[in-house]
Amino acid sequence: MPMITIADEVTGAPSSPEWTMDIFEETVRLDELIRRRVFLEVAESGACVDPEQRTRSTLEAFGRNGFVVLVDDRQVTALDEKVHLHAGSRVTFLKLVPLVGG
């Protein structure tokens, strides 16, 4: 079963720890990839959080340009866009921080 790397980054901040996720298909829609990532995060945190609600909030944040998703250094811009994954793919969730003063 191929593995991909998931990373969260914030512009201007040190990198956070990365983790891996098993993939079962080579092509998946971005919204499904985000859902899987959220479920993985909730499961690993052990927090008493509804993963479906967290997924909805995360998808809404994507729609407001709260973060961008890069797959192998290529930005994916639409939730219904198909993402092509392979063993060793890197998926980066990059949180955008506004510039000071504008």
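Below 8 Å between Cα atoms, with a sequence gap of 6+, how large is the relative contact order for the chain in percent? Present the calculation step by step, with values, prior to reporting the outcome.
On the way: 152 pairs, mean separation 42.1, N = 102.
After rounding, I find 41 percent.
Could you give the nm distance between label points at residue 32 and residue 95, where each point is 7 Å from its Cα heading toward the beta carbon?
2.8 nm
Would you mind working out the accessible area per residue for the chain, using a 1.4 Å probe, and quoting it in Å²? Intermediate values should be presented prior to the final figure.
Numbers: 6360 Å² over 102 residues.
About 62 Å² of surface per residue is accessible.
Enumerate the calculated ³J(HN,Hα) couplings along the range 12-28 in order (Karplus 6.51 cos²θ - 1.76 cosθ + 1.60, θ = phi - 60°), each rounded to whole Hz, writing x wherever the residue is Gly or Pro.
x, 10, x, 5, 9, x, 9, 9, 10, 9, 6, 10, 10, 9, 7, 10, 8
Quick one: work out the % antiparallel among DSSP beta bridges in the chain, nearest 5. Please list the in-between numbers first.
Values: 15 of 21 bridges.
Restricted to the chain, the bridges split so that about 70 percent are antiparallel.
Which Rg and Dmax, in Å, describe the Cα atoms of the chain?
Both quantities, over Cα of the chain: 13.7, 47 Å.
Over the chain, what percent of the accessible surface lies on carbon and sulfur atoms, probe 1.4 Å?
Values: 3470 of 6360 Å².
About 55 percent, which is the carbon plus sulfur part of the accessible surface.
Could I have the simple spin-label model distance between residue 75 and residue 20, label points 7 Å from Cα toward Cβ, reported in nm to one decimal?
My value for the distance between the label points is 3.0 nm.
Report the calculated FRET efficiency for residue 11 and residue 54 (r = Cβ-Cβ distance, R0 = 22 Å), to the nearest 0.05.
Values: r = 23 Å, r/R0 = 1.03.
For R0 = 22 Å, the calculated efficiency reads 0.45.
Find the Cα radius of gyration of the range 57-102, compare it with 2.2 N^0.38 Å by division, and give the number to two decimals.
Values: Rg = 12.3 Å, N = 46, 2.2 N^0.38 = 9.4 Å.
Here the Cα radius of gyration is 1.30 times the empirical estimate.
The values are calculated or read from the model by the stated rules, or taken from the named source; none is laboratory data. All values reported here derive from a predicted model rather than from experimental measurement. Cβ atoms come from the backbone with ideal geometry, glycine included; neighbour counts cover every protein chain shown. In case anyone asks, the SASA skips ligands and DNA or RNA and just uses the protein heavy atoms, side chains included. Shrake-Rupley method; radii C 1.70, N 1.55, O 1.52, S 1.80 Å.
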